Amino acid sequence: MIQCAIVHHESVSSPKAPNLVCDESILLVGHPNVGKSTLFEALTGSRVITANYPGTTVEVTRASGQRLGCDVIDSPGLLTLPSRGEDEQATVHILFQEPLRSIAQIGDAKNLRRTLLLTVELAEFEIPMVLALNMADEADQRGVELDVSRLSEKLGINVVGTTAHRKVGVPALESAMSAPRVPTCSVAYPLDVEEAVETVMALLPEGPVASKALALMWLTGDPVAERWVLDHAAEVDQPALLGIRSSAIGDGIHEARLAMAHVLTNDVTHSPGNVLSGARAKLGRVTTHPVAGLPFVALALVGLYWFVGLFGAGTLVDLMERQLFGEVINPRVITLVEQFIGFELVRDALIGEYGLWTMGITYAFGLILPIVATFFIAFGVLEDSGYLPRLAVLTNRAFRAMGLNGKAVVPMVLGLGCVTMATMTTRTLDSRRDRFLVTLLLALGVPCSAQLGVVLGMLGGTSFVALALWGSVVLGVLLVVGWVAARLMPGERSAFVTELPPMRLPAVRPIIVKTVARVEWYLREVVPLFLIGSALLFVLDATGLLASLVEASKPVVVGWLGLPPEAAAAFLMGFFRRDFGAAGLFVIASAGLMTSTQMVVAMTTITLFVPCVASVLVIAKERGWQVAAGVTGLVFPIAIGVGGVVSRVLGAVGWGS
Amino acid sequence: MTMIQCQLCGETFDGSAPIGCESCPMGGSCTLACCPNCGFTTVDVQRSGPARLVARLLGSPQRRPHAHTVADTPRDGVVEVTGFSEMASDSVALLRAYGLDIGRTVRVVQHRPMTIVEVDHTEVALERDLASLITVAAVNQSSARDL
């Protein structure tokens, strides 16, 4: 058997990586879910968040490849050319804009045909390349036998077999990357396509990529090439260019590329291997079964509730907030501040009711950190097991009711971790309409991990009915708003197609590493906002404005929502971060100042608030200020309105008072 | 579009395009389809849950000798893709990128809640609406090794 991991040594021509410093970068390109980010981490030592579902890399990440002597860029997954969706277009933008030393294509060793289709497309850019056939271990397990040396010869580039998660083949890949070569293979297009390419090349000015690649991208309708042509409208004859394009030419281009990928695959494949069988395959099947799959959904939800809601928000919060901060750290800090700081105002600013330490730091580390950390661990397990795309398959029908498709499950579930992060991943969705709808629903009713933990801790500790009521109302609002918005938004729902990666047993190390990276990211964002929120509340309190604001909001908080007056300050905090506000409500509830009804109303209302200042900024960055303002303007009245209705309905039926 | 094969004359026709419904007392609100060639009435089992359940209990009428689209292909059926019927070009491009292209052999894994097909070593989940637009031809089981 010829295994990728063995044969690749023969195909690597340069044995040693140079120690050069260059202004150019190496771009990692490949299909989604082939291990680009894992290889990026191995090549650069950088902690990129990777996961076992398509579309993880939504930001273009760059890090220094010390051993390679230049920067390495990790790009979002690219299925094929022409590019689809904002994430794929981001990758093509790099090809257009970045001075590249080489391209390292990362492919799936067991899916050579798909990999080579992208290879022949990338080869047309005439940029030096190497090809890493990753997941060589899975290819071996399935009995896939490839002649990598012959493939290297046929393509004219170094081809290396790798197993990124075990770092197998990484040194050989680094060696190959030190001597990249311009591919010598080229697609034999039909005569009509070649003539069209020649005509387009004659009409286009010199571009940022090889002229034939640009012409082919134009002919296949790639949006990045189209935008480049629009940007150079003065230099091009657009009507003439448009006249050359046709679906027949586009099909001809694709078929010729596919034929070449097919011929190459057949030429170098000794054995195509067997389809996945055994326990993993069976588990994969069961988890997507319409009936047998439901216990797995329930298991995931119960597991999440137990680990985050009971263990994180209960046991760990008790340990951190009450015992560590409440009994050990805070008494010492308070004593120190009282000893060394004479000014009462400064003392209050640090250790008062809205003190930077007693509120900001204690909330951030004692209350939120344990919840966030446990959620990220649980989410990491779900991601790396390959379960999320299967969840998308099972929930597709529910998303369909909201005018969306199952692809929305990835940002929606990620939103349970952090809505800000999830809003960025909406760029993996296919249409502008889908991206707007998911952005709206994320901002409206998907609680982030910190808030979810507080909700689970507060309502779960009260009664299961309270938790079920909160969940039903929030889900109902999401469905109704999604249904209405989907009908008001122009455009059609995108059809859902997704790849199902094999189920895998999650490894401990990557989950720990990514949890640490996520917690680090979260703390960097959350601690300053908590401190700013505390400082602002302190200033408002010290100037008497807080009392006025609380007084002014009483008709809404007390009159309409039926909550105690103390909740007004928590809702003000909720304008900065809704989990911050939820934490404040938790404290009020813990002091015995709320009934069960009030807890459900308070948690429902705060859940439907805009998540945080950061998420609004990200919505503005991703979708523009108009959308950010529109979403914010829509969400607050819905939150307050729904909260009041829930209060009245529960009051009328006499529950929880 | 749901392709149906008439059980009387063998004509293959589009079950979602109503034929003769305006003159029928059931007014087109049923899940039956009339053959445009001979008028024989066939149940469109994809549109009728109870009919599908009864059909399953009585045997396996879905295991027809000639499947016409991926949506019609029984579970574990191995078929060759022959075309994309009236499918939006971007959907075709997406399916092709996953390896679901004309001439490729695919194995149908399941249909509910979504259709899942296996092509090479990739499992692709797609909505039934899309699956019903991928026309296929049956291949013999020995070709399944090409997967």
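Determine whether A:V302 is more than 14 Å from chain B (Cβ to nearest Cβ), over 28 Å from B:G103 (Cα atoms), free of Cβ contacts under 8 Å to residues at least 60 places away in the same chain and outside any loop (DSSP other than H, G, I, E, B). Here the answer is yes, as A:V302 does meet what is asked. Screening the candidates A:L155, A:L146 for the property of being surrounded by 21 or more Cβ atoms within 10 Å (Cβ to Cβ) and modelled with pLDDT of 95 or more yields one hit, A:L155.
In region B:72-80, is there at least one residue being under 24 Å from A:D222 (Cβ atoms) and of a type outside the set (D, E, K, R)?
Checked against the condition, which is being under 24 Å from A:D222 (Cβ atoms) and of a type outside the set (D, E, K, R), region B:72-80 yields no hits at all.
Of all residues in region B:128-138, count the ones that are within 9 Å of another protein chain (Cβ to nearest Cβ) and modelled with pLDDT of 90 or more. Result for region B:128-138: 1. For first residues located in region A:556-574 and outside any loop (DSSP other than H, G, I, E, B), partners that are surrounded by 24 or more Cβ atoms within 10 Å (Cβ to Cβ) and among the aromatic types (F, W, Y) and lie 6+ apart or on another chain with Cβ distances below 7 Å form the pairs A:V557/A:F571; A:M573/A:F580; A:G574/A:F580; A:G574/A:F609.
Of all the residues in region A:284-299, those that are of a type in the set (V, I, T) and within 8 Å of chain B (Cβ to nearest Cβ) number 1. The set of residues in region A:258-268 being buried (at least 17 other Cβ atoms within 10 Å of the Cβ) and either in a strand (DSSP E or B) or more than 10 Å from chain B (Cβ to nearest Cβ) (or both) consists of A:M260, A:L264, A:V268. Of all the residues in region A:133-172, those that are within 27 Å of A:G45 (Cα to Cα), assigned to a loop (DSSP other than H, G, I, E, B) and more than 14 Å from chain B (Cβ to nearest Cβ) number 4. Quick test for you: out of A:R648, A:R623, A:R577, pick the one residue that is in contact with a strand residue (DSSP E or B) (Cβ under 9 Å, 6 or more places away or on another chain) and among the basic types (K, R). Exactly one residue qualifies, and that residue is A:R577. Checked against the criterion of being farther than 23 Å from A:W625 by Cα and away from chain B (no Cβ under 14 Å), region A:418-436 has no qualifying residue. The residues of region B:69-91 that are part of a helix (DSSP H, G or I), buried (at least 21 other Cβ atoms within 10 Å of the Cβ) and not charged (D, E, K, R), listed by number, are B:V70, B:A71.
Considering A:S647, A:S657, which residue is over 25 Å from A:V481 (Cα atoms) and either modelled with pLDDT of 90 or more or not charged (D, E, K, R) (or both)?
A:S657
Whether any residue in region A:553-571 is within 15 Å of A:Q451 (Cα to Cα) and assigned by TED's automatic domain parsing to the domain that holds A:V473 is what I want to check. Yes, region A:553-571 contains a residue that is within 15 Å of A:Q451 (Cα to Cα) and assigned by TED's automatic domain parsing to the domain that holds A:V473. Would you check if there is a residue in region A:452-464 being assigned to a loop (DSSP other than H, G, I, E, B), of a type in the set (G, A, S) and under 27 Å from A:S75 (Cβ atoms)? No: region A:452-464 contains no residue that is assigned to a loop (DSSP other than H, G, I, E, B), of a type in the set (G, A, S) and under 27 Å from A:S75 (Cβ atoms).
Candidates in region A:199-242 are the residues that are of a type in the set (D, E) and in contact with a helix residue (DSSP H, G or I) (Cβ under 8 Å, 6 or more places away or on another chain); of these, the one that is farthest from A:G85 (Cα to Cα) is A:D237.
Any chance region A:360-376 includes a residue that's in a helix (DSSP H, G or I), of a type outside the set (V, I, T), closer than 30 Å to A:G85 by Cβ and away from chain B (no Cβ under 14 Å)? Yes, region A:360-376 has at least one match.
For region A:93-121, the candidate set comprises residues that are more than 14 Å from chain B (Cβ to nearest Cβ) and of a type in the set (A, V, I, L, M, F, W, C); within that set, the residue that is surrounded by the fewest Cβ atoms within 10 Å (Cβ to Cβ) is A:F96.
Reported count of residues in region A:428-464, each being of a type in the set (V, I, T) and more than 16 Å from the chain's Cα centre (by Cα), is 3. Residues in region A:161-220 that are of a type in the set (G, A, S), over 23 Å from A:H232 (Cα atoms) and under 38 Å from the mean Cα position of the chain (by Cα): A:G161, A:A164, A:G169, A:A172, A:S175, A:A176, A:S178, A:A179, A:S186.
Residue-by-condition table, conditions (1) more than 14 Å from chain B (Cβ to nearest Cβ); (2) part of a helix (DSSP H, G or I); (3) within 26 Å of A:I157 (Cβ to Cβ); (4) touching an Asp or Glu at 6+ places or on another chain (Cβ under 9 Å):
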| residue | (1), (2), (3), (4) |
| --- | --- |
| A:S175 | yes, yes, yes, no |
| A:V197 | yes, yes, yes, no |
| A:V209 | yes, no, yes, yes |
| A:W218 | yes, yes, yes, yes |
| A:A240 | yes, yes, no, no |
| A:A248 | no, yes, no, yes |
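Within region A:172-206, the set of residues being small (G, A, S) and free of Cβ contacts under 8 Å to residues at least 40 places away in the same chain comprises A:A202 only.
Residue by residue, here is whether (1) surrounded by fewer than 18 Cβ atoms within 10 Å (Cβ to Cβ); (2) assigned to a helix (DSSP H, G or I); (3) in contact with a helix residue (DSSP H, G or I) (Cβ under 8 Å, 6 or more places away or on another chain) holds:
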site: A:M599; (1), (2), (3): no, yes, yes
site: A:V610; (1), (2), (3): no, no, yes
site: A:V616; (1), (2), (3): no, yes, yes
site: A:A620; (1), (2), (3): yes, yes, yes
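Restricting A:T50, A:T56, A:T38, A:T80 to those that are hydroxyl-bearing (S, T, Y), assigned to a loop (DSSP other than H, G, I, E, B) and at pLDDT 80 or above reduces the list to A:T80.
Looking across region A:61-91, the residues that are within 14 Å of chain B (Cβ to nearest Cβ) and not charged (D, E, K, R) come down to A:G77, A:L78, A:L79, A:T80, A:L81, A:P82, A:S83, A:G85, A:Q89, A:T91. Taken as a whole, region B:108-115 holds no residue that is more than 17 Å from A:V286 (Cα to Cα), within 10 Å of chain A (Cβ to nearest Cβ), free of Cβ contacts under 8 Å to residues at least 60 places away in the same chain and not in a strand (DSSP E or B). Out of region A:406-436, which residues are modelled with pLDDT of 85 or more and either under 20 Å from A:L617 (Cβ atoms) or among the β-branched types (V, I, T) (or both)? Those that are modelled with pLDDT of 85 or more and either under 20 Å from A:L617 (Cβ atoms) or among the β-branched types (V, I, T) (or both): A:R435, A:F436.
Taking the condition surrounded by 13 or more Cβ atoms within 10 Å (Cβ to Cβ), modelled with pLDDT of 90 or more and of a type in the set (D, E), does A:D251 pass? No: the conditions fail for A:D251.
Do we have any residue at all in region A:224-235 that's surrounded by fewer than 18 Cβ atoms within 10 Å (Cβ to Cβ), outside the structural domain of A:E88 (by TED's automatic domain parsing) and not in a helix (DSSP H, G or I)? Yes. Of everything listed in (1) among the hydroxyl-bearing types (S, T, Y); (2) assigned by TED's automatic domain parsing to the domain that holds A:P389; (3) under 24 Å from the mean Cα position of the chain (by Cα), the single unmet condition for A:T287 is (2).
The values are calculated or read from the model by the stated rules, or taken from the named source; none is laboratory data. Keep in mind that this is a model prediction, so the values were computed, not measured. Counting neighbours? That spans all protein chains shown, and the Cβs are built from the backbone with ideal geometry, glycine included.
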